[in-house]
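Reading through the structure tokens given below for one structure.
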Amino acid sequence: RITAAPTGQQVALIAGASRGIGAAVARRLLDRGWRVLSVSRTQPAEDHEWCAADLATQDGVAKAQDFVQQTTERLDALVVCAGKLFVDKTLRINGARALEALAVNVGPVVGLGSMAARMMGAQRYGRI
């Protein structure tokens, strides 16, 4: 059973918040008073709590999970914007690049998503 949003400052984890859509989401949530935690390879321009990790690797996803669990007991939202697509000018992708893209496009969703689901389930509220 999902309950209403808890009171107090809401907390979001954004994977891939250093640029693009992830940076825009971080900026929007910060403007709305959220506490933002982010994970990316490069440091975001926005001032919020950040963990440097390569989410294309299992070690990077584990580091991100540890960062969240050591930083907060509450998680209200997970936004995964980390991702890659490797195509050449003819829109072809080779096998090695496809596996690399798969790792960064799926790994964070599974690893961070399962952690977020457990945290949100315990608090009976959250969005992934």
Quiz item: For the chain, modelled as a GNM with alpha-carbon contacts under 10 angstrom, which of Asp31, Asp54, Asp76 fluctuates the most?
Solution: Asp31
Quiz item: With every protein chain left in place, what is the accessible area of Val109 in Å² (1.4 Å probe, nearest 10)?
Solution: 80 Å²
Practice problem: Quick one: grab the alpha carbon gyration tensor of region 18-61, order the square roots of its eigenvalues as a ≥ b ≥ c, and give me rounded if a/c is under 1.5, else prolate or oblate depending on whether a/b is larger than b/c. | Solution: prolate
Quiz item: Residues with beta-carbon under 14 Å from that of Gly60, excluding Gly60: net charge, scoring Lys, Arg +1 and Asp, Glu -1?
Solution: -1
Quiz item: Build a GNM of the chain with springs between Cα atoms under 10 Å: which of Gly83, Gly20, Gly111 gets the top mean-square fluctuation?
Solution: Gly20
Self-check item: For the chain, Kirkwood radius (reciprocal of mean inverse C-alpha pair distance, Å)
Solution: 15.1 Å
Practice problem: Only loop residues by DSSP count here, and only those with at most 13 other Cβ atoms within 10 Å; note down the chymotrypsin sites (Phe, Trp or Tyr not before Pro) in region 42-128 that meet that. | Solution: Phe86
Quiz item: Toward the positive end of the charge dipole of the chain, about the Cα centre and with charges on Cβ (Lys, Arg +1; Asp, Glu -1), which of Ser38, Ile128, Ala23 goes farthest?
Solution: Ile128
Quiz item: Considering only the other residues whose Cβ falls under 12 Å of the Cβ of Leu112, what net charge follows from Lys and Arg at +1 and Asp and Glu at -1?
Solution: +1
Practice problem: Could you tally the net charge around Ala45, taking each other residue with its Cβ under 11 Å from the Cβ of Ala45, Lys/Arg +1 and Asp/Glu -1? | Solution: 0
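The values are calculated or read from the model by the stated rules, or taken from the named source; none is laboratory data. Remember, it's a predicted structure, so these values are computed and weren't measured experimentally. Neighbour counts run over all protein chains shown; Cβ positions are idealised from the backbone, glycine included. Keep in mind that these areas ignore ligands, DNA and RNA; they rest on the heavy atoms of the full protein, side chains included. Shrake-Rupley method; radii C 1.70, N 1.55, O 1.52, S 1.80 Å.
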